[in-house]
Each structure stands twice: as structure tokens, then as C-alpha cells.
1. With runs of 4+ DSSP H residues as the only contributors, calculate the mean residue ellipticity of the chain at 222 nm using -39,500 (n - 2.57) per run, divided by the residue total and rounded to the nearest 500.
2. Does region 88-143 classify as rounded, prolate or oblate by the C-alpha gyration tensor (a ≥ b ≥ c root eigenvalues; a/c under 1.5 gives rounded; else a/b over b/c gives prolate, otherwise oblate)?
3. When only C-alpha pairs under 8 Å and at least 6 residues apart count, what is the relative contact order of region 369-459, in percent?
4. Taking amide H positions as placed in the peptide plane 1.01 Å from N, state which residues far from Leu55 in sequence (5 or more) or on other chains have amide H under 5 Å from it.
5. Are there cysteines in the chain with no second cysteine's Cβ under 4.7 Å away, and if so, which?
6. Suppose R0 equals 35 Å; then what is the FRET efficiency for Glu311 and Lys561 from their Cβ-Cβ distance, rounded to the nearest 0.05?
7. Mind ranking Ser445, Ser552 by accessible surface for me, highest first, 1.4 Å probe?
8. In debye, nearest 20, what is the charge dipole magnitude of the chain about its Cα centre with +1 on Lys and Arg Cβ and -1 on Asp and Glu Cβ, if you could check?
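The values are calculated or read from the model by the stated rules, or taken from the named source; none is laboratory data. Keep in mind the model is a prediction, meaning the values are calculated, not measured. Methodologically, a virtual Cβ is constructed for each residue, glycine included, from the backbone with ideal geometry; neighbour enumeration extends over all protein chains shown. What goes into the accessible areas is simple: the full protein's heavy atoms, side chains included, and nothing from ligands, DNA or RNA. Shrake-Rupley method; radii C 1.70, N 1.55, O 1.52, S 1.80 Å.
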Amino acid sequence: MPLASVTSLAETLRRLISPEQSRGMIKAAAGSLDLIPDHVNRVTVGEWAEENRILPTGLTPMPGPFRWGVAPYMREIADCLSESSDVREVAVMKGAQVTFTVGVLENFIGYIIGVAPGPSIFISADKGMAEASVELRVDRMIESAGLAGKVFSQSEKKHNKKTGDTKAKKEFAGGFLLAIGPNVGAKLRSFSARYEVFDEIDAYPQEIGTSDHTKGKTANEGDPIALAKKRTVAFEQIRKILYGSTPLDDSTSRIKPLFLKGDQRYYNVPCKHCGHMQVLRWRDPDGTFRLKYETDAAGRLVHDSVHYECEKCRGAIRNSDKAVFLPAGEWRATAEASEPGFRSYHISALYSPVGMQSWEDICQEWINAKDDLTKLRAFVNTVLGETWVEKGEAPRYERIMMRREEYKKGHLPDGALPLVVTVGADVQSDRIAVEVVAWGRDKESWSVLYEEVPGDTSDIDGEAWKALRQIITGRHAGLPVFRALIDSGFNSPVVYQFCETFVSGVLPVKGDARLQADRGTSRVYALREVPGYYVKRVDLDPGHLKQEIYNSLNRGTADGKPPKAPFPGYCHHPFDYGERYFRMLTAEERVRETTRDGKGRMVWHLQHGRRNEALDCRVYALGCLSVAYGERVKEIEGEDAEAKREAREYTWSDFWTEVEAIKKAS
Ligand SMILES: [Zn+2]
């Protein structure tokens, strides 16, 4: 029967379940557990899934009746969520393409609706994502598992124009499922839940708060997981909490501490040659790769060469062998859980079922990623299912300065192969610091010029802006300036006006650390409209780029001398740059800062007594490349699926190949 539409989420929740009701439900449930254990449902999530689920075509590479044989390792995880299991909390730290969503998350929700109903909350990285998951995945699961009759017609309001609010919820006999984002404080204050699913928790914002404009910043509400978990206290004896995530940054990961809190299970599989049970891993602690591959003379992957080497007998295991060894595997705990009833699992994409991400795909992804920090981070997160550990210490400026090369500023050394030149400018009140950088393939860089041009920067006709214009319109190392980013944090209107005098390629830039949410993708910037100007501003994640610069500065040859051959990422400097420059280039450090909720986060700090203009200029000069790359991806992207796939697969290597072709043609 259709439910009347409601006016607010809070009202819905109050109507769905009052505290008295929930206490009644608990008493009833607890009573039945104690007195008549036979009434506890003996059907497991695993059994329910095989008996009821049909995977629809279009949403899965393997449509048809659901079978655990495809990804057998997911069954134990799902079974922890059965009413008969005494496991209360499950944390899954995982790579992509391991069928967690279908195998655990969807089956759990189906089981709740079909077998063991109760008030349930599904929390994803943001509200939109949570709602989309429910609409796209849970709805289909409900239909295909024959649960549609159990779910009441939806009272969901598609568009509430006043609040811009849409609510995704399912109501069924004995419970409901509510999909929300991690800003849970105010929403959940007044009710209880028996089931909670926290999906992609490493993508939750670091600080959750409600907007409080009077304070000029957001008031911290505290950890969303702790807040939501409090809502299950009334159901302590029968609750189930599931945490799942692909891990992101090590310093801020939420899933990793949860994994460490549990019994840390890894999936062991037998070698087909010697039967030795082992955990599939990418590398040994000594750095040896377990997945082996060869490349041809052109650096392309030789597909037939890809195999996993048994850690005991060194026999070759192929991707197609997964169909045999995955079902023969078992989970083994490697630690004692710090709380009873707390299980934790780790699974990487090396276990991805046959027909999904293959070992060949993974080797190819590695080849594309190994020299590109952004892609490497994504590889570590999504393929290996591991956190990314950043090395944030500033490089020692003496070491970088020692390896200055035999070329004068304004020139390049013999053998340099620059493809484009970019400019980064940092605007102060009485001067503009500017760096001109020549870039070769794979971001090998030559600093061509670093200058601080004096002048009052509030005067657009003044000397400082004139000098900057000359640099931007000039040629450097024989090349015109490809792009320039001008810091607009200071004297913004003048910066916008200055940029508008160029037809294209010269844009205002502003650092925005909040863009960090995009880490793991190739985009570290956003293009924003500026009211009153037609020029768009580039908002850039400076932390990400500083990290990339430091990693580049830390690259070098074994003997510490400048490389003679092309060297991806290497930073070359002319011999007439002084100590002051190198101290500025390495002026900031990435340090851990403890937030109010006791969690850590990494922030960039200026070291005592240092200035950082040279580092900022380099951030903007490098940012020019990020923007060029990102805009190229957008250009390819288009509407149809084929173009979208092509855009996804566009690599930095493709970018440099195109840049080389353009340079050759000109
Ligand atoms: Zn073996």
C-alpha cells in the first residue's frame, strides 16, 4: 500500500520506528534468542543468495543465477552477516573487481529484506552515491530476487524543489533501509538501527560538519562511523555492522584501522604444482615481484608471459587456473581480534574472478602506472587494496643544489629534449615570483628561469605585470610558452584582468586543499567560473602537486650526477641558481596533525625561517600540465560509452606521445 508522502526525513524516521518500538523489538528478538534458539533463522546469507538471486544482464559480467563458485572467497564474509553467526562487525579492505558489492553488500541487503528484517542504514561516501547505489543496485536486486512483494511502494519524493532533497529509502515489513551520506549527526539522533552498512569509508570526507556560517567554518560533528554506531547500541546483541572500502591514503584511512582491529584474514590458495597454501601478493617484502611478465622491444606487455610464481616451488600459475584454485582456498586469520565478534578481511584484485580483472590487465595497469605517481597511487589502492604511504619529508636542499648542471639560466644543457614550456607565477604585494620550466617526455624538467620581478602588483600597468607579460610572451629554450598559471590569492581582480588580456593559455589559479577528495584520479584541479570575468580560474590541489614535485626532486642517478639519457620526472637546474632558491623550493614539509576527533591528517607546513615562492611557482608550472592533460581527457570523453572508455584509458604516456607529434609537425 502506498504510504503518504512525508515532509521531512526526521518525521519519516520517527514514524518508522520510535524508541519504544525499537526497545520492544529488541526485547522480542533477545528473548527469542535466549529462550528458543531454534527460532533464530538458520538460513545463511550464502544459502539465501544461491536460492533466490538471479543476476540481471547489463549490471554484471556474469548474469544468471547467483553462484558462489565465481568468487568463493566472498561467501564466508557474507555468512558472517547471517542471523545465526555470532560475528557482529565485519571490516573488508579490498581492491576493485573482487565482487564485494554483488557478493556481500547486495546479498546482505537482500537477506535483511527477505529473511531477517530490521531497521537498516546504508551510508556511502556522499548522499548522492548512497542513493544511487540503492536506486541502481538494490532496486534491481529486489526485483531479481523476488523481494518486490515485501517492499512497500516507495514514498520517495523524486524532487523536493524547496530543499533540493531526494530521499532514497525502502520500507518493508519489520524494517526499512535508509540510504544517506556520512553527515549523519543530526539525521540519526533520534532513532536506532539493527544493521549498518558503511560503504567506501575511505572516501568519506575527513571532517564532517554542518555549515555554520556565523563561525566562518564548519563545526565538527565528530566521526560519522562512531556517531552512526551509537545508534545500534539498543541492538547490541543482534546487530550487524559491515564496513567496506578500497583504501586510500595511509595517514587518513578509516578502513585500515578497522582491518587492524579485527582478526586480519587473508585468503590462502593452493599451488597447482606443489599444493602449498599461500596468500597471493604483488611483491615480497624484499621487493621481488610474484606476478611475472615480459615486455617486447617496444615496451609492450607480452600477454603469454604473465604468470604467478608459487612462493615455494616457483611453478607458474596462470590466471585461468583461478577457476580451480579459488574454490580450493580458505580464509586464515593472522591476528586476534581486539574485540570479540569483530572479523576483518583483506582481498586484492589479484583474486578477481576469471572474466573480470585478469593478471594480464593488472600487469598492463602496472606498466602504465609505475612511472606516474597519480596512477601508481590508484594502482596501490584499487588493485592491491593497500593504503598509499606518502613520503612527505622535504628533500635536502643541499643535495639538489649539489647537482646543478652546466647550463646558464635562460638556456638548456646539451642533450635536453624539451617539448613544452610552462610558467608559474606567485603574486606578492610588492613583487611577482615567476618560474619558466621546460618539460620533456614523462615530466623530465629543466628550470629555465626563476625571477622575482619587483613592483606594486595592485597596479596592472606597473612594472611587475609588464615584466611578467614579457616573460609569458617570450620564447624560452627556443619554445613559446604553452600555458601559464598566475596565483590569484592576492590582488585577485588585477590577476583576473591580466589573464583576460591573453587569448588563451594564461589562467588565474588558486590553491584548494579540499580538492584532495579527488586524489586517486588524474584530476587535481577544477575549472571555476569567476563572477564578473569571462576567464575561468583553476582551483588546484597544491598538496598533491607538492608531493609530486618532492618525489621528482628525490629522483636521481645512483652516482648522484645528473642523468645523460632521458630520465622520467628528473628535475634539472642551472648552475647559477643560488642557495636561496633551493631553500625555497624545499621549504615545506608534510606533517601529521591531530584533528579534534583524535584522528590524524596530513598537512603542509612551512619550515621555520623559510620562504616558499619558488615551490609555489613550481606547483603552478606543473599544474599547467595537469590542466592540459585533464582538458585533453575531457575532450576525448564525449557522450557515448566507447569515447568514455577511451578517455578512461588515456594515459600520461599517450599525452606525451601526442605532444611529441605536435612538436614534430610544427
Ligand atoms: Zn608450488
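1. Using -39500 (n - 2.57) per qualifying helix, the result is -8000 deg cm²/dmol.
2. Details: a/c = 1.35, a/b = 1.14, b/c = 1.19.
In terms of gyration-tensor shape, rounded.
3. Relative contact order comes out at 20 percent.
4. Amide H neighbours of Leu55: Gly64, Phe66.
5. So far as the 4.7 Å Cβ criterion goes, Cys80, Cys363, Cys499, Cys571, Cys617, Cys624 stand without a partner in the chain.
6. 0.35
7. Ser552, Ser445
8. It comes to approximately 940 debye.
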